[in-house]
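**Student:** My questions all concern the structure below.
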Amino acid sequence: MQMRMRVNNRSPEIWNRTKPVASNGLRRYSRSRTWFDCSAIPIGRTLPRARQDNRKGWKTLMRITPETSTSQRVWAANHLNGLMNLFLPTFVPGGKELDEQAIRADVQHAIAHGFSGTMPMINWTLPGDPKWKEFYCVVLDEARGALPVHGIVASGSLEHDLRQLTDLEEMGVDLVLLASTYPRDIDAAGLYDLMAKRITATELPVMLYAATGRRAFPHLGPAGQPLDVYDRVADLPNVVAMKISQPVSLTSTMQLAQKLGDRISIGPVNLDFLPALARQFAITWSGQWNCEAVQTPGRQLGNEMLAVSATGDFERLDALAVQIEPVLSHFFAVQAPVIRKGAHPWQHNRYYQWLGGGNGGLLPADPHAREGAIPVLDKEARAAMRNAFERAGLSPTDAEDDQFVVGRAAWERGVRPCDIGATPYYSIN
């Protein structure tokens, strides 16, 4: 289907010129998930970003977009829009039991952010621990009907992941991130087989995960991305999307989008890539990361960027990229080096969330992180985060950091920093 849009019009008038085409073997190009007739363009040819129309001031825009031939991909087209956050748990002082009041408040905070999904982070509540199901059930109950909840399978055991998929289905999650690990020396056929056995064991929409480190395969593709394996996996009907991790390069992200973007939805964590990617691909979402680092409920910069990316308003997208740069660059500098070490800067992530009005509260020590991998959130780091918010036009909370240490819900119950024990990865000074 061809569309016209006036250049530099923030609310372009759009109309259809031809019926959609869906010929097997052809890549699909679109704007806002609507196909353009590109039957004359063979696969592998460079597609011009825009073609000058015979009407002054108008251009025909063509972008690769995912198809919607299955119910799971229709669901993805309707729900993978904007930012989706990584949901961190909150524990009562002592770190043994979940703080249900705080968790429910953070679900409401995610809804206030306009997030289109959330994924509970399970490092402290692993499958097999009763708190794993408890955590999910509280989030699902509070989010029901207002916020899709994503599950994750991330072990190296096929049997373990299959059991977990069944449990996630029974609890009622809406999508599953496939973040399993595999033998380092696995060949392409073996990797496809292990991925396909997990994917075909569920009817849920499945999101792939392109990453670095232990989830990369240098012997199977450029920069560790097994493009040919992903190409086969993307043909499975319930595979709907791919999350591309923050440290993955722009070149690898482009290669993944070129290979897969005509079938599944591509979501880069690194929003710095968005202005370049959006001119060739229909990028509508980014998710399952600490999205509170780049926006607040009152100023949803990330959501706005993805909305104008979806509509093809590149002038507005470029302007927003400039505005969001202080928080985006600061977040990348804080998180990307830690991600490469196989960890997350947990207290920094939590502080970002609290700055925008979330519960906050220190997280317990991560039992899975290598010693020294997680940085300490000190006074200088906290000041730098506030400064980045202000330079991007975001308004951080004016509450004292003592409230952050215990969390808003516990603070309202009268808990103070002196009432808690250890403060891992945190320094008052």
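**Student:** Which ³J(HN,Hα) values in Hz, rounded to whole numbers, follow from the phi angles of the range 184-194 under the Karplus curve 6.51 cos²θ - 1.76 cosθ + 1.60, where θ = phi - 60° and Gly and Pro get x?
**Tutor:** 4, 9, 5, 8, 4, 5, x, 5, 4, 4, 5
**Student:** Starting from 0.36 nm per residue, how many nanometres of slack lie between residue 322 and residue 380 once their C-alpha separation is accounted for?
**Tutor:** So the chain would gain 18.4 nm between residue 322 and residue 380.
**Student:** Compare 177, 165, 194 in a GNM of the chain, Cα atoms joined below 10 Å, and give the one with the largest fluctuation.
**Tutor:** 194
**Student:** Near the amide H of residue 91, under 5 Å away, which other amide H atoms are found, from residues 5 or more places off or on another chain, if H is placed in the peptide plane?
**Tutor:** Amide H neighbours of residue 91, under 5 Å, 5+ apart: 99.
**Student:** Which net charge results when you count Lys and Arg as +1 and Asp and Glu as -1 among the other residues whose beta-carbon is under 12 Å from that of residue 417?
**Tutor:** -3
**Student:** Each residue of the range 309-318 in order: what ³J(HN,Hα) in whole Hz does its phi give by Karplus 6.51 cos²θ - 1.76 cosθ + 1.60, θ = phi - 60°, with x for Gly and Pro?
**Tutor:** Listing the rounded values in order: 4, 5, 8, x, 8, 6, 4, 5, 4, 5 Hz.
**Student:** Another one. Carbon and sulfur atoms: what percent of the 1.4 Å accessible area of the range 244-315 do they account for?
**Tutor:** Details: 860 of 1620 Å².
That share works out to 53 percent.
**Student:** Based on the alpha-carbon set only, what is the convex hull volume of the range 248-314 divided per residue, in Å³?
**Tutor:** Given the Cα convex hull of the range 248-314, per-residue volume reads 87 Å³.
**Student:** Another question, if that's okay. Given H placed 1.01 Å from N in the peptide plane, which residues other than close sequence neighbours of residue 366 have an amide H under 5 Å from its amide H?
**Tutor:** none
**Student:** If you build a Gaussian network model of the chain, linking Cα atoms that sit under 10 Å apart, which residue out of 106, 235, 174 swings the most?
**Tutor:** 235
**Student:** Which pairs in the list 243/379; 131/243; 341/379; 243/341; 96/197; 133/379 are over 28 Å apart, alpha-carbon to alpha-carbon?
**Tutor:** Listed pairs above 28 Å: 243/379; 96/197; 133/379.
**Student:** Using a cut-off of 13 Å between beta-carbons, work out the net charge of the residues near residue 153 (Lys and Arg +1, Asp and Glu -1, residue 153 not included).
**Tutor:** Counting the neighbours of residue 153, the net charge comes to 0.
**Student:** For the pair residue 279/residue 112, report the inter-label distance in nm, with labels modelled 7 Å from Cα in the Cβ direction.
**Tutor:** Computed distance between label sites residue 279 and residue 112 equals 3.8 nm.
**Student:** Tell me the mean residue ellipticity at 222 nm calculated for the chain from its helices only (DSSP H runs of n ≥ 4, each -39500 (n - 2.57), averaged over every residue, nearest 500). The partial results should precede the final answer.
**Tutor:** On the way: 14 runs with 156 residues, N = 429.
After summing the helix terms and dividing by the residues of the chain, the value is -11000 deg cm²/dmol.
**Student:** Right, next: Once amide H atoms are built 1.01 Å from N in the peptide plane, which residues 5 or more positions from residue 288, or in another chain, come under 5 Å H to H?
**Tutor:** 84, 85, 86
**Student:** Also, quick follow-up: If you take the beta carbon distance between residue 299 and residue 189 as r and set R0 to 35 Å, what does 1/(1 + (r/R0)^6) give as a FRET efficiency, to the nearest 0.05?
**Tutor:** Working from the Cβ atoms, E equals 0.10.
**Student:** Let me ask something else. Rounded to a whole number, what % of the accessible area of the range 197-243 do carbon and sulfur atoms account for, probe 1.4 Å?
**Tutor:** Here it works out to 52 percent.
**Student:** Sticking with this structure for a sec: What percentage of all Cα-Cα pairs in the range 172-276 are separated by more than 22 Å?
**Tutor:** Details: 1329 of 5460 pairs.
Beyond 22 Å sits 24 percent of the P(r) for the range 172-276.
**Student:** Quick one: 3J(HN,Hα) in Hz for the range 114-125, Karplus 6.51/-1.76/1.60 with θ = phi - 60°, rounded, Gly and Pro as x.
**Tutor:** Each residue of the range 114-125 in turn: x, 5, 9, x, 8, 10, x, 8, 10, 4, 9, 9 Hz.
**Student:** With each pseudo-label sitting 7 Å past Cα toward Cβ, what's the residue 368-residue 340 distance in nm, one decimal?
**Tutor:** Those two pseudo-labels are separated by 2.2 nm.
**Student:** Here's another thing I want to ask about it. Give, as a single signed number, the net charge of other residues whose beta carbon lies under 11 Å from the beta carbon of residue 408, with Lys and Arg counted +1 and Asp and Glu -1.
**Tutor:** Counting the neighbours of residue 408, the net charge comes to -2.
**Student:** Between residue 315 and residue 170, what is the label-to-label distance in nm when each label sits 7 Å out along the Cα-to-Cβ direction?
**Tutor:** 5.6
**Student:** Please report the accessible area of residue 144 (heavy atoms, 1.4 Å probe, ligands and nucleic acids excluded) in Å², nearest 10.
**Tutor:** Number for this one is 140 Å².
**Student:** I've got another one for you. Given the options 151, 414, 361, state which has the largest fluctuation in a GNM of the chain using a 10 Å cut-off (strictly under) for Cα springs.
**Tutor:** Between 151, 414, 361, it is 414 that shows the largest mean-square fluctuation.
The values are calculated or read from the model by the stated rules, or taken from the named source; none is laboratory data. Computed from a predicted structure; not experimentally measured. So basically every Cβ, Gly included, is an ideal-geometry build from the backbone, and we count neighbours across all protein chains shown. All accessible areas refer to the heavy atoms of the entire protein, side chains included, with ligands and DNA or RNA removed. Shrake-Rupley method; radii C 1.70, N 1.55, O 1.52, S 1.80 Å.
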